[in-house]
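These notes concern the structure reproduced below.
The numbers here are math on the coordinates, done by the rules we state, and not lab data. Source: prediction; values computed, not measured. Positions of Cβ are backbone-derived with ideal geometry, glycine not excepted, and every protein chain shown enters the neighbour counts.
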Protein chains: 2
Amino acid sequence: MKFDKYYSKKARNMESSKIREISKIISERTDIISLAGGMPSPNSFPIEVVSELSDDLLEENGAEALQYGTTTGVKKLRNKIAERLNRNFDTSVSGGNVLVTSGAQQALYLIGKVFIQRDDQILVEAPTYASMLQILKEIDADVRDINLKEDGYSVEELQSYLESGGNPGLAYFVPTFQNPSGITTSREKREKLIEFATEHDFLIVEDDPYHQLRYSENSVPPIFSLDDQSRTIYVGTISKLLAPGLRVGWIVAREEFIDKLQLAKQPVDLCTNVFSQHLTYRYLEKGIVDRQIGKIIDLYRAKRDQMLESLEEFLPNSVEWTTPEGGMFIWLTLPDIIDTDEMFQGALDKGVAYVPGSIFYGTKPRKNTLRLNFTFVEKEQIEEGVKKLGELIRENLP
Amino acid sequence: MKFDKYYSKKARNMESSKIREISKIISERTDIISLAGGMPSPNSFPIEVVSELSDDLLEENGAEALQYGTTTGVKKLRNKIAERLNRNFDTSVSGGNVLVTSGAQQALYLIGKVFIQRDDQILVEAPTYASMLQILKEIDADVRDINLKEDGYSVEELQSYLESGGNPGLAYFVPTFQNPSGITTSREKREKLIEFATEHDFLIVEDDPYHQLRYSENSVPPIFSLDDQSRTIYVGTISKLLAPGLRVGWIVAREEFIDKLQLAKQPVDLCTNVFSQHLTYRYLEKGIVDRQIGKIIDLYRAKRDQMLESLEEFLPNSVEWTTPEGGMFIWLTLPDIIDTDEMFQGALDKGVAYVPGSIFYGTKPRKNTLRLNFTFVEKEQIEEGVKKLGELIRENLP
């Protein structure tokens, strides 16, 4: 309070991300099995590959990799990102449609700066990515939750909101292996969303960090590739395919939007880490990424299966959970009587951590939900952690 | 215009940094000697050292260096930054006083978010760092220019502003080898600024990227070390001592401020590049930085001397310039009749580039000024570039 006079109004209202607070607590205690964070497995990092790429890069192109870069990003990386998107999906974009960002988080922040202002109605899935909610709160946007069903957002809810005079500026969706729910939006619902957006003239932001971490055969194309790429802004990242510590993400959108977004980026950090951009380029260009994705999928599929099995074994029948076809998370819905915020301290005492579901809602939080991550810890710990969670839940039931 | 309806009010008003626009033009033309940008010499990068450090890092600590990190930064790097500051100057800070940022530019952006809001009176030197002006413009701050003299800001101007009811929230100063002027604020004026700030209860932001690039014997301590470290917020960076492409900067301030600043950073990019942070730590910890600084100083001193000599040789007597004791820039004041914005195209036609002085002013630009950089190009090019500039100026005189 003493220092409030020095702070901007925005700063006075800032609240810490609960996930980052939880992560801090957990990082200081080695006795807790953390199913909380959203971190990749350290075993998924191709450390030797990075070392080789880095040596070659410094030898062949060191002066450029260590110098300032343009705000839009390293040109050949932008081209490569566009090329890969076109190869994987039915899109026709070029490097000019790509802005390289300091991780996907910065992509979302810049989108907030450029496309959202105070009181704008912003559609989000309920639940949704908590750090996007933090951005929206900072802007003071008017967040509108659309509940998620097994196959994506509730079309009825969105329709009724729009028909009753709803006027969204933008819809923020994580349609594939969603964080936090693990849910994938069906192709039909994606197409319907584009229809809604076209009819009511709003933009769609598709946050797609997990797309290639797919453990089943069924693939649903990105919204961006179903749209004519004029209305959808696509956000991607190397964090889950190489390493999050390198902080390389990207936005793909129409050139007019990219130009505005790079203007928004200039004062924020001038340019994305140039060394990381060059590393990422080489990782993509040499095709190493595709071999590595195969390994990561094998690693994570086994962990997901372990978690699903353990949930089946240790959790009471009154608990429901999602069965994600990819990504990093499983979403649990507990009996109404349980408040996962209140139960959290008990979990730490027992030696297991989750993320309480309440933080993933823009407005009315469902307090009986929680998110589990299955990528970071080892398989044995998953079993042990879920067992502890099962005990805890039983203790909290009447 | 067509897309304006999708943009936030802030985005509609965004303007590109002129320096970045100029850099773009120049990067596409190999026939221009650029004395414009603010880039280090590629010869100042210890490429082999980075390669060795990077190999060791990945071998010994790869999983941590590639993972997500805390928003505040890698703990041992924070400690090391504090330790070095205490060793070099009369300060007593610890790692808790340090926030690692994605370059010094992000440090300034976060300071803007936390401490500045619309219509706040913000004191800046005239001229000052252009990208800080971009931040202040975005916030819609009420920028107040205080003219620079040979030994720093005009005490009379600042005093008269304060006595006539001026109510600054914050003063942003680059007191050592300033960008763009090359001027160093005297110790007396630094102490006077702290007095003013204490009496009128405003904060001081000291942006200090060039401190260790000193080519003369006289050293003036940072404002931060003359203050009791309660009112001054210090901004540093590894960009000029190692490499800007790694994007590692830092803020040193009282812990309460650091806590607020890390909150402001969370939604912006979660954390600074972890790999770069570990590299920077090793570079500092092993003392390589000190040897490297010696080399960089030798390299740049010779370039500065070359530029001063060439200015003496090729420029008309009616032009004045600063004699920087360190840093990267020399500031020219031309006869009033010359407008350096208007002269710029002529410079490009002649094959030399500078930055017009007008962009470095918050309010009334002095159109007859320009900035020259002497670190990026080779010595021979400095001579050639200044010669061209001399011809150009003569052509523009009556």
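Restricting B:292, B:266, B:306 to residues that are within 21 Å of residue B:354 (Cα to Cα), crowded, with 16+ Cβ neighbours inside 10 Å and polar (S, T, N, Q) narrows the list to B:306.
If you go through region A:309-344 and keep only what is under 16 Å from residue A:356 (Cα atoms) and among the β-branched types (Val, Ile, Thr), you end up with A:319, A:322, A:330, A:333, A:337, A:338, A:340.
Among the conditions (1) within 16 Å of the chain's Cα centre (by Cα); (2) free of Cβ contacts under 8 Å to residues at least 12 places away in the same chain, residue B:165 misses just one, which is (1). The conditions of being part of a helix (DSSP H, G or I) and either in contact (Cβ under 8 Å) with a residue 40 or more places away in the chain or crowded, with 16+ Cβ neighbours inside 10 Å (or both) are not met by residue A:86. Selection of region B:250-263 for residues being under 23 Å from residue A:271 (Cβ atoms) and surrounded by fewer than 24 Cβ atoms within 10 Å (Cβ to Cβ) yields only B:262.
Say whether the condition of being under 24 Å from residue B:239 (Cβ atoms), surrounded by 14 or more Cβ atoms within 10 Å (Cβ to Cβ) and in contact with a helix residue (DSSP H, G or I) (Cβ under 8 Å, 6 or more places away or on another chain) is met by at least one residue in region B:338-353. Looking for residues that are under 24 Å from residue B:239 (Cβ atoms), surrounded by 14 or more Cβ atoms within 10 Å (Cβ to Cβ) and in contact with a helix residue (DSSP H, G or I) (Cβ under 8 Å, 6 or more places away or on another chain), one finds at least one in region B:338-353, hence yes.
Would you mention how many residues in region B:92-118 are assigned to a loop (DSSP other than H, G, I, E, B), surrounded by fewer than 24 Cβ atoms within 10 Å (Cβ to Cβ) and either within 22 Å of the chain's Cα centre (by Cα) or within 11 Å of chain A (Cβ to nearest Cβ) (or both)? Here the count works out to 2. Of the residues making up region A:21-36, those that are surrounded by fewer than 21 Cβ atoms within 10 Å (Cβ to Cβ) and either facing chain B (nearest Cβ under 9 Å) or in contact with a Lys or Arg (Cβ under 8 Å, 6 or more places away or on another chain) (or both) are A:24, A:27. So residue A:161 ticks every box in (1) within 26 Å of residue B:9 (Cβ to Cβ); (2) within 14 Å of another protein chain (Cβ to nearest Cβ) but one. Which box is left unticked? Condition not satisfied by residue A:161: (2).
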